[in-house]
Amino acid sequence: MPGTRIIDIPTADRLLHVIRISKQPVPFVELCKREKLSPESLHDHLAYLADCEYKLVIRKERVEFRSAPDLLTAIEIQHGLKTKVMGRQCHSFASVKSTNDHAAQLADQNVPEGTIVTAEQQTKGRGRLGRVWHSPAGLGIYLSMILRPSFPPDRAPGLSILTGLALVDAIRAQTSLPAMLKWPNDVYLGDRKCAGILTELSAERGKIHSVIVGVGINVNHGVGHFPEELRTRATSLRRALKRKVSRVELLQQFLLSFEKKYAQYQKDDLKSFATQLKKLSYLLGREIELQSGVRRIGGRVNGIDSTGRLILETPSGIELISAGEVTVVK
Ligand code: BTN
């Protein structure tokens, strides 16, 4: 068919890599030779890369790299990624129902620890307690990480705290915004939520098969991208910063921070994070009400212990809380 381009994606990826790392414009002849392409086919592959929003400057039969799109594709995520394990296998989608559901299927197929699933959009993004996680296309980070820790299942809840700390670190490093960790699963900017974590465990006879850690970050959402009922309670990094944030760089930073903290957590729980937990805890010192199953408890937050439990001073003494939904009273 006239006008039809035949593109080999791995070839396009290799061409992109060569052009990207080159310090100077790369001659077409060199690229054709390297990939055994005709000049027409090289042209088609470059046009394909331009369609994928890569900015390439073509002059005098040479091509030069200018910029990459802020898309959560495996190529972009892995380019410049400094981790050893996290994200080394990456399954990226334009749209999925839920990255956590997809990751659970992959986990059953025995993919290695550190495999991640990302999507530009989720059509059935899930939050905690059966809630919906709104996941509009191209604005947020929707990520699931597959972990296979050798520790027992009762240590899995600490992973949510750890993930929250890594998120706070990455947001602070990338934007200088004073993000805080709200026990047990949220990240706050001021009094509004900008990220949430959904940790799902698969275990049998006291042994973890896999943990899926799902992370949703409101990155470049404008106010109109949130449903009406969330507009006063949720925010995005862009709203707080008044400029767009690179999702790819934020994700890379998060994966690196998570990898370091996860290694430490496997050695000694949350002990080495005590200072950070104190400094970065949104709830520390606040009066709260906590719904834990059918119980409703009120008290003042005294900290988070080394297993991730909330230390609550109640009228009847100190309580250590493993899970629950917190409402701040003052
Ligand atoms: C919460 O705050 O309630 C947790 C939100 C977790 C949302 C993320 S987005 C990626 C992953 N896939 C999902 O379906 N949910 C998590």
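The values are calculated or read from the model by the stated rules, or taken from the named source; none is laboratory data. Please read these numbers as outputs of a predicted model, since none were measured by experiment. Don't worry about glycine lacking a Cβ; one is built from the backbone with ideal geometry, like all the others, and counts go over all protein chains shown. Remember, those area values only see protein heavy atoms, side chains included, never the ligands or the DNA or RNA. Shrake-Rupley method; radii C 1.70, N 1.55, O 1.52, S 1.80 Å.
Which percent of Cα-Cα pairs in region 72-159 sits in each 5 Å bin, short to long?
Taking all Cα pairs of region 72-159, the binned fractions are 3, 14, 22, 23, 21, 13, 5, 1 percent.
So what are the radius of gyration and Dmax for the Cα set of region 163-298, in Å?
Cα radius of gyration and Dmax of region 163-298 are 16.1, 50 Å respectively.
What nm distance separates the two modelled labels at ALA274 and ALA323, each placed 7 Å from Cα along Cα→Cβ?
2.8 nm
Mind scanning LYS193/LYS242; LYS82/LYS261; LYS82/LYS124; LYS82/LYS207 and naming the pairs with a C-alpha gap bigger than 20 Å?
Over 20 Å Cα-Cα: LYS82/LYS124; LYS82/LYS207.
Can you give the direction-averaged projected area of the convex hull of the alpha-carbon atoms in region 132-206, in nm²?
Quarter of the Cα hull surface area: 6.2 nm².
Residues in region 208-231 near a label at LYS242, defined as backbone nitrogen under 16 Å from the 7 Å Cα→Cβ point?
223
So how tilted is helix 9-21 from the main axis of the chain? Cα-based, degrees 0 to 90, rounded to 10.
90 degrees
Using 0.36 nm per residue of separation minus the Cα-Cα distance, give me the extension gain between ALA47 and LYS33 in nm, one decimal.
Gain on stretching ALA47 to LYS33: 3.2 nm.
With a Förster radius of 22 Å, plug the Cβ-Cβ distance of ILE21 and ARG66 into 1/(1 + (r/R0)^6) and report the FRET value to the nearest 0.05.
FRET efficiency, ILE21 to ARG66: 0.95.
Once you list every other residue whose beta carbon is under 13 Å from the beta carbon of ASP44, what net charge do they have if Lys and Arg are +1 and Asp and Glu are -1?
Neighbour charge sum, excluding ASP44 itself: -3.
Can you send over the carbon and sulfur percentage of the accessible area for the chain, probe radius 1.4 Å, protein chains only?
Here carbon and sulfur together make up 52 percent of the probe-accessible area.
Based on the inverse mean of 1/r over its pairs of different Cα atoms, what is the Kirkwood hydrodynamic radius of region 1-92, in Å?
14.1 Å is the Kirkwood radius here.
How large is ³J(HN,Hα) for each residue in region 180-197, as worked out from phi by the Karplus curve 6.51 cos²θ - 1.76 cosθ + 1.60 (θ = phi - 60°), to whole Hz, x for Gly and Pro?
For region 180-197, the Karplus-derived couplings read 10, 8, 9, 3, x, 10, 10, 10, 10, 10, x, 9, 10, 7, 10, 7, x, 10 Hz, x marking Gly and Pro.
Show which aspartates and glutamates lie in cross-link reach of LYS260 when reach means a straight Cα distance below 19 angstrom and same-chain residues fewer than eight apart are skipped.
Once the sequence-local aspartates and glutamates are set aside, what remains near LYS260 is GLU113, ASP169, GLU249, ASP268, ASP269.
In whole Å and largest first, what semi-axes does the C-alpha gyration tensor of the chain yield when each eigenvalue is scaled by 5 and square-rooted?
The three semi-axes for the chain are 42, 21, 17 Å.
Give me the 1.4 Å probe accessible area per residue for region 116-171, excluding ligands and nucleic acids, in Å².
Counting only protein heavy atoms, the per-residue value for region 116-171 is 32 Å².
With no solvent and one equal point scatterer placed on each C-alpha of region 49-96, evaluate the Debye formula and give log10 I(q)/I(0) for q = 0.20, 0.22 Å⁻¹, two decimals.
Here log10 of I(q) over I(0) equals -0.77, -0.86.
For ARG296 and SER176, calculate 0.36 nm times their separation in residues minus their Cα-Cα distance, and state this gained length in nm to one decimal.
Stretched fully, the ARG296-SER176 segment lengthens by 39.6 nm.
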